[in-house]
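For reference, the structure is listed below as structure tokens.
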Amino acid sequence: MAVMSYEIEDDSFYLFVCAELKARENRFVTDSRLERMLSVGGMEEFLKVLGETVYTSDISGIEAKGSFGEVMISVYQMINSYMESRLKPEHTKLVHILFFEEFLHNLKVILKSSMLKDDFEGLYIPIKYEYGTLMEAYNTGKYEDITEPMPELIEYLRKLAGLPGEKDLRKLELDFEAFYMGKMLSTAESLNRK
């Protein structure tokens, strides 16, 4: 078996967060709880099982809004804040990897809003940035309140939108997805951590 040399000091912040999350894991939705939620007869029973998890405090929000959407966004924002407060500044790029799909979705919403000259804020998932913040950055090219790697991603969107000729929105999306995946891979590699 190969032995790997590892400096624990380098990743102590990350390892602490992992250990803290592992300790809290039993409060999240487990397989057995998920099975119980899927087999219940109604919303009241569903919320009772959900009340056994870390989402207890969100039940009133679910009942008031009749939807998980806003509650899930709130949880996403909480996870983002949690990660950013506990990781070294140079490691907060992990948030972009953790929310890979959501940030990709949001950037495609920005592209579509721009290309179709329509407001798609209702489709946007505000985890780290509000819709207006990213639209303004896209429209002005100013990124004072936007952290890496987002400025480079938005600039690539601007480049795609500025290409001459007739544009096929789906082809632009696919082009951006390829660029985005490459950027996330290089972001992960730039962390230089195991």
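Taken together, the values in this text are just the output of simple stated rules run on the coordinates, not laboratory data. Predicted, not measured: the structure shown is a model, and the values here were computed from it. For neighbour counting, all protein chains shown are included, and Cβ atoms are generated from backbone atoms with ideal geometry for every residue, glycine included.
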**Report entry** Cα centre as origin, Lys/Arg/Asp/Glu Cβ charges: the stretch 94-190 dipole, Debye
**Finding:** 260
Report task. Using Cα positions and a limit of under 22 Å, work out the lysines in reach of residue 112, with same-chain residues fewer than 8 apart set aside. Result -> 128, 142, 159, 167, 171, 183
Query raised in the report: Say the dipole of the chain comes from +1 at the beta carbon of Lys and Arg and -1 at that of Asp and Glu; which of 62, 178, 153 then lies farthest toward its positive end?
Result: 178
Query - Relative contact order, percent, the chain [alpha-carbon distance under 8 Å, six or more residues apart] - result: 18
Report summary line: Taking R0 as 30 Å and r as the Cβ-Cβ distance between residue 30 and residue 73, the FRET efficiency 1/(1 + (r/R0)^6), rounded to the nearest 0.05, comes to 0.85
Query raised in the report: What does the convex hull of the alpha-carbon atoms of the stretch 94-190 project to on average, in nm²?
Result: 6.0
Query - Inter-probe distance in nm under a simple model that places probes 7 Å from Cα toward Cβ, at residue 136 and residue 161 - result: 1.6
Query raised in the report: Per the Debye formula with a single identical scatterer at each Cα and no solvent contribution, what log10 I(q)/I(0) holds for the stretch 28-87 at q = 0.19, 0.30 Å⁻¹?
Result: -0.74, -1.25
Query raised in the report: So which chymotrypsin sites (Phe, Trp or Tyr not before Pro) in the stretch 33-117 end up in coil per DSSP with only 16 or fewer other C-beta atoms within 10 Å?
Result: 68
Query raised in the report: What number, rounded to the nearest 500 deg cm²/dmol, is the helix-based mean residue ellipticity at 222 nm of the chain, given -39500 (n - 2.57) per DSSP H run of at least four residues and division by all its residues?
Result: -19500 deg cm²/dmol
Query raised in the report: Roughly how large, in nm² to one decimal, is the mean projection of the convex hull of the alpha-carbon atoms in the stretch 52-154?
Result: 7.7
Requested in this report: Rounding to the nearest 20 debye, state how big the charge dipole of the chain is about its Cα centre with +1 on each Lys and Arg Cβ and -1 on each Asp and Glu Cβ.
Outcome: 200
Report summary line: Stretched fully, the stretch from residue 115 through residue 175 gains (0.36 nm per residue minus C-alpha distance, one decimal, in nm) 20.1 nm
**Report entry** Most mobile of 106, 139, 80 in a GNM of the chain (Cα contacts under 10 Å)
**Finding:** 139
Query raised in the report: Top mean-square fluctuation among 126, 149, 89, Gaussian network model of the chain, C-alpha springs under 10 Å?
Result: 89
Query - Ratio Rg/Rh [Cα only; Rh per Kirkwood] for the chain - result: 1.03
**Report entry** Net lengthening on full extension, residue 85/residue 23 (0.36 nm per residue, minus Cα-Cα)
**Finding:** 20.5 nm
Query raised in the report: Looking at the stretch 59-133, which trypsin sites (Lys or Arg not before Pro) are DSSP coil and have at most 16 other C-beta atoms within 10 Å of their C-beta?
Result: 117
Report summary line: Placing each pseudo-label 7 Å from Cα in the direction of the beta carbon, residue 123 and residue 152 end up separated by a distance in nanometres of 2.6
**Report entry** Under the span-like rule (Cα at least 30 Å along the axis, Kyte-Doolittle mean at least -0.5), DSSP H helices of the chain
**Finding:** 169-190
Query raised in the report: Taking R0 as 25 Å, what's the FRET efficiency between residue 38 and residue 60 from their Cβ-Cβ distance, rounded to 0.05?
Result: 0.65
